[in-house]
Amino acid sequence: MELENLSHKAAASVWRQAFHIQPKYGLLNDPNGFGWFDGKYHLFYQWFLLGAVHGLKHWYHVTSIDLVNWKDEGVALTPEYDHESHGIFSGSSLASKDKLYLFYTANKRDSDWVRHSSQALAWLNKDGSIEKLEKPLISKPPEGYTDNFRDPKVLKHERMYYMFVGGQTDEQTGCILTYQSNDLSNWLFKGPLGINVERLGFMWECPDVFSIDGKDLLMLSPQGLSSKGHQFQNVYHSGTFIGEHQIAENIFRTAGEFQELDCGFDFYAPQTTLGPDNRRILIGWMDLPDTIYPADVDGWANCLTIPRELSIKQNRLIQKPVAELMKLRQEAYKIEIELVSEQLEIANANGRPVEIHLILTNVGCEQAGIKFNVSEQEETVLLLNFAEGHLVLDRTLAGQPIAEDDGTIRRKPYMETTVELTLFIDTSSVEVFVNQGEAVFTSRLFPNPDSQRLKLFAEDGGCKFDATVWSLGSEFSKELSLNFFQ
Ligand code: FRU
């Protein structure tokens, strides 16, 4: 009965998303076990069913053949054994011919509330059944490291399996602990990953290790970074090193700084997988730990980002929305105009959910941009401040407040006179892709349901706008009777 009430309450929430993966009720956090197996994408996420709080974690399972329409496969992993008594924490997957192996952290607290973390294994069979080993693969962290020991990423390299676990030294420094195995059952500790960087936070969560375009990447969510210029403004951050990973030697040589993955407000714990066509696809959690969101009172919390295709350009990570999302497009409304110290409402376009493609070209103004989710009281503003050389996302008046102590404006230095912006606006979020994925601003927004208007504006001078607005539909998904589009 309690679950039925929760489910009705969540379904009635005005913040339900139209085209993002969200929990039917309860709390979602990290994406887990993302992989391609048996002709479809499998994606799991951290889920606590009894409300919008971080309680006993399960893995929830969804599948898709096109990264747009997701099928609800139900709960995949439930805590059963003593070593996982306090939750099935995050991890990754590895596909073999007939199984999708699921590596996860088993979380246990003893009677003194001391944490005991181990790394464990389950697998999904082709008939959809899931089995689990009764004992962990790795029962505790090695000497010299704390029980903040979680989120295994496993890969196969030259007939050997490697596991990279997020960790923390006894001196409270974040690190990766590397294990190797030739049979997936017996794991040998190889030592901490050798990486030529100074201390980066006190704990490294959710490592991912992969290669794109001949470069190796080490993606992490380090806890405890201080803000640096416009970077690392949120309470927690995710980023990547690009460099050379000598897997057998357990060394990662970085070529450049730790790049923050997102310039927006709400993004954490991303995971990637290789698609059947060799695209590297990323999905992240579109919220942050230790943060209260307005929908929590409706008995559900959080969602995942849209899938992004990764590539590398000049040693920078490029993230583009996957092309399949174009299936959601319905009517298009186009406008080409020059505005001079004025604003223009796009009256014929729908407010939400929409995709907007916008090219701005400065012809002498101070700043120009787009206001969306607009009403008398509310607006979210995305602008290019040509005078100061900044791209700005401002959610000061976006609706219900979120984490205002960490500020309501995010900026990215930007000196060009023209910019191409792609916005995906859902009921309670926006994802902005800058210049085909050179930067992304990902953010939750909780506007009033009536705040739906769109405006273009140029201040103190002229700016040219070339815009297309597509309303995004749910018909495709309904046809296949797959949910998430309600
Ligand atoms: C990241 C994280 C992971 C952990 C999981 C528990 O958000 O803290 O490190 O495995 O969440 O839900």
message = In whole Hz and in residue order, list the ³J(HN,Hα) couplings for region 57-72 that follow from phi through the Karplus curve 6.51 cos²θ - 1.76 cosθ + 1.60, θ = phi - 60°; x for Gly and Pro.
response = 7, 10, 9, 9, 10, 10, 10, 7, 9, 10, 6, 10, 9, 10, 9, 7
ask   = Can you pull the Rg over Rh of region 330-481, Cα-only, Kirkwood?
value = 0.96
message = Cut-off under 18 Å on the C-alpha distance; same-chain residues fewer than 8 positions from Lys99 excluded. Which aspartates and glutamates are left, in chain and number order?
response = Asp38, Glu73, Asp127, Glu131, Glu134, Asp183
key: Cα centroid of region 306-335 to Cα centroid of region 37-100, whole Å   = 26
task = Apply the Karplus parameterisation 6.51 cos²θ - 1.76 cosθ + 1.60, with θ equal to phi minus 60°, to every residue of region 326-341 and state each ³J(HN,Hα) to the nearest whole Hz, in sequence, with x for glycine and proline.
result = 4, 4, 7, 5, 10, 5, 10, 10, 10, 8, 10, 7, 10, 10, 10, 6
remark   = The Cα extents of region 1-122 along the principal axes, largest first and rounded to whole Å, are 42, 40, 21
query = Under the rule of -39500 (n - 2.57) per DSSP H run of 4 or more residues, summed and divided by the residues of the chain, what mean residue ellipticity at 222 nm is obtained, to the nearest 500 deg cm²/dmol?
reply = -1000 deg cm²/dmol
request  = Would you list the P(r) distribution for region 156-196, with all Cα-Cα distances sorted into 10 Å bins from 0 and each bin expressed as a whole %?
outcome  = 30, 49, 19, 3
note = Checking region 160-251 for GluC sites (Glu not before Pro) in a loop per DSSP with at most 12 other beta-carbon atoms within 10 Å yields Glu171, Glu198, Glu249
message = Accessible area of region 330-481 with a 1.4 Å probe: how many percent of it is carbon plus sulfur?
response = 43
inquiry  = List residues of region 294-324, by number, whose backbone nitrogen lies under 18 Å from a label position 7 Å along Cα→C-beta of Gln259.
reply    = 308-322
remark   = Summing +1 per Lys or Arg and -1 per Asp or Glu among the other residues with Cβ less than 14 Å from Ile346's Cβ gives -2
note = Toy charge model, Lys and Arg Cβ at +1, Asp and Glu Cβ at -1: region 2-321 dipole around Cα centroid in debye, rounded to 20, equals 660
task = Would you please classify the overall shape of region 332-398 from the alpha carbon gyration tensor, given that a ≥ b ≥ c denote the square roots of the eigenvalues, rounded means a/c under 1.5, and beyond that prolate means a/b larger than b/c while oblate covers the rest?
result = oblate
ask   = Which loop GluC sites (Glu not before Pro) in region 316-387, with loop taken from DSSP, have no more than 12 other Cβ atoms within 10 angstrom of their Cβ?
value = Glu376
query = Can you give the relative contact order of the chain as a percent, counting alpha carbon pairs under 8 Å and 6+ residues apart?
reply = 14
key: Where region 106-190 is the region considered: accessible area per residue in Å², 1.4 Å probe   = 49
key: Relative contact order of region 330-481, defined on C-alpha pairs under 8 angstrom at six or more residues apart (%)   = 42
request  = Take the alpha-carbon centre of region 367-443, take the same for region 220-257, and report the distance between them in whole Å.
outcome  = 24
task = Quick one, can you get me the convex hull of the C-alpha atoms of the chain expressed as volume per residue in Å³?
result = 146
task = Any chance you could get the radius of gyration and Dmax over the Cα atoms of region 298-345, in Å?
result = 17.7, 46
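The values are calculated or read from the model by the stated rules, or taken from the named source; none is laboratory data. Everything numeric here is computed off the predicted structure, so don't read it as measured data. Note that we place each Cβ from the backbone using ideal geometry, even for glycine, and neighbour counts take in every protein chain shown. Please note that ligands, DNA and RNA were not included when accessible areas were found on the heavy atoms of the full protein model with its side chains. Shrake-Rupley method; radii C 1.70, N 1.55, O 1.52, S 1.80 Å.
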